[in-house]
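Beneath this line is the structure, given in structure tokens, with notes to follow.
The values are calculated or read from the model by the stated rules, or taken from the named source; none is laboratory data. In this text, all values refer to a predicted model and were calculated from it rather than measured experimentally. In this analysis, Cβ positions are derived from the backbone assuming ideal geometry, glycine residues included, and neighbour counts consider all displayed protein chains.
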Ligand SMILES: Cc1cc2nc3c(=O)[nH]c(=O)nc-3n(C[C@H](O)[C@H](O)[C@H](O)COP(=O)(O)OP(=O)(O)OC[C@H]3O[C@@H](n4cnc5c(N)ncnc54)[C@H](O)[C@@H]3O)c2cc1C
């Protein structure tokens, strides 16, 4: 039996893993509970969906990570946390109940369908590696079936894609589909004419990449135009059924595949209403990431909402915020005294729309084109966990750049049924 106080961490994403890296494991027994046995890198999910990278390049097993380095000494337990009992100081997964002295909630966010939860059955999403792989399989399957069909109506249905949401994920996946249409289809799918493929990107506001500069927004619009993506601003999707997307102005688009990137909400737990849930389904925390009104429970990353003077509506749900909160919370706990409030250091924002096409806002400097694309690749490469993964991504990118061939585009038919909620299907 350990005599150290036990800290249970729910979720080994950017926030949870950085917390574990910095918490003093000689002083605390640290247990990570995650529904997946690996850490993944969401900013590159779109490259899995568009067959740019293999899933193994952006995922890293916790058990291997915990053998060495700064995270050495933490314990991993697989499970999806369903209930948090703050009075009994314990959490409940589908497999076991674990008690804690301190709890760190870093479970991130999930898809938000804004009340239309039935959409999960008909649209494709990008919030986990498994969801990105489903997108990839569906796209490849559609290209193969369209190659076999002589019926123009069927071909149109198979080759019409709608991406909902003009944030970084939506822009990047639409750009990647545009690249497939422009570079891959003419080379490899000889029975499909590129102009048979339609890609529509829907955005409810008047701009793409809402959090970025006007310069970045207009460049992104231009780059998507170059890749033959039909961008429709000021349009909201109202419903989707029978392969028809209905928009808020009453018009409709026929589409066989809708990729939903339009919204996120904090992951949910049954806590008997004890967790204070604020805007965006996020848990309310103070400036030290302590959950308001509950002792010894902290929340960090996407799932936490902290109101500060600079960010009265909470911080943006970005990897850098999660990383910085994870690290600071660990340092505050190590010191035994919560005396360093969180202040977000904004290192800028980036998005890529395709080869040689990216935008970056780094403080007051705005980059676009090839230079922004190189900066984007560098930043993502150094952020991926594991040397093997860094090398594998680098080789894939260099190979893809010169050969226009991306990953092998194998259609492995990952099973869609039975729906396993623990693989992120919820
Ligand atoms: C497609 C996409 C593109 C993005 N692009 C960018 C980008 O370019 N730049 C950027 O800064 N940010 C980007 N983001 C946002 C960024 O990924 C998040 O802000 C960041 O991952 C948040 O870190 P986190 O640790 O809070 O949550 P996550 O990284 O989501 O980690 C949460 C972890 O909790 C686990 N988990 C969830 N629920 C449970 C449960 N009930 N029980 C056990 N485990 C659970 C999950 O398996 C996961 O490992 C993107 C996100 C997506 C989805």
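Being touching a residue at least 24 places away in the same chain (Cβ under 8 Å), within 10 Å of the ligand (Cβ to nearest atom), out of contact with any helix residue (DSSP H, G or I) (no Cβ under 6 Å at 6 or more places or on another chain) and not in a strand (DSSP E or B) is a property that does not hold for residue 52. Of 18, 88, all but one fail to be in the same structural domain as residue 318 (by TED's automatic domain parsing) and without any contact (Cβ under 8 Å) to a residue 12 or more places away in the chain; the exception is 88.
Results for (1) away from the ligand (no atom under 13 Å from the Cβ); (2) free of Cβ contacts under 8 Å to residues at least 40 places away in the same chain; (3) assigned to a helix (DSSP H, G or I), shown as yes or no for each residue.
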{"site": "114", "(1), (2), (3)": "yes, no, no"}
{"site": "127", "(1), (2), (3)": "no, no, no"}
{"site": "130", "(1), (2), (3)": "no, no, yes"}
{"site": "137", "(1), (2), (3)": "yes, no, yes"}
{"site": "141", "(1), (2), (3)": "yes, no, yes"}
{"site": "157", "(1), (2), (3)": "yes, no, yes"}
{"site": "172", "(1), (2), (3)": "no, no, yes"}
{"site": "183", "(1), (2), (3)": "yes, no, yes"}
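Against the conditions (1) out of contact with any strand residue (DSSP E or B) (no Cβ under 6 Å at 6 or more places or on another chain); (2) closer than 21 Å to residue 212 by Cα; (3) assigned to a helix (DSSP H, G or I), residue 366 satisfies every one except (3).
Taking the criterion of being crowded, with 18+ Cβ neighbours inside 10 Å and touching a strand residue (DSSP E or B) at 6+ places or on another chain (Cβ under 6 Å), the residues of the stretch 111-125 that qualify are 111, 123, 124, 125. Kindly indicate whether residue 47 is within 14 Å of the ligand (Cβ to nearest atom) and either surrounded by fewer than 20 Cβ atoms within 10 Å (Cβ to Cβ) or assigned by TED's automatic domain parsing to the domain that holds residue 276 (or both). It is false that residue 47 is within 14 Å of the ligand (Cβ to nearest atom) and either surrounded by fewer than 20 Cβ atoms within 10 Å (Cβ to Cβ) or assigned by TED's automatic domain parsing to the domain that holds residue 276 (or both). Residue under question is residue 73, and the condition is that it be part of a helix (DSSP H, G or I), in contact (Cβ under 8 Å) with a residue 12 or more places away in the chain and surrounded by fewer than 19 Cβ atoms within 10 Å (Cβ to Cβ); does it hold? Answer is no for this residue.
Condition check ((1) free of Cβ contacts under 8 Å to residues at least 60 places away in the same chain; (2) assigned by TED's automatic domain parsing to the domain that holds residue 106) across all residues:
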residue: 294; (1), (2): no, yes
residue: 302; (1), (2): no, yes
residue: 308; (1), (2): yes, yes
residue: 311; (1), (2): yes, yes
residue: 314; (1), (2): yes, yes
residue: 319; (1), (2): no, yes
residue: 326; (1), (2): no, yes
residue: 329; (1), (2): no, yes
residue: 342; (1), (2): yes, no
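Looking only at the stretch 286-328, count how many residues are part of a loop (DSSP other than H, G, I, E, B), over 18 Å from residue 23 (Cα atoms) and within 16 Å of the ligand (Cβ to nearest atom). Number satisfying all stated conditions: 7. Once the stretch 101-110 is narrowed to residues that are within 23 Å of residue 29 (Cβ to Cβ) and within 14 Å of the ligand (Cβ to nearest atom), the residue that is surrounded by the fewest Cβ atoms within 10 Å (Cβ to Cβ) is 103.
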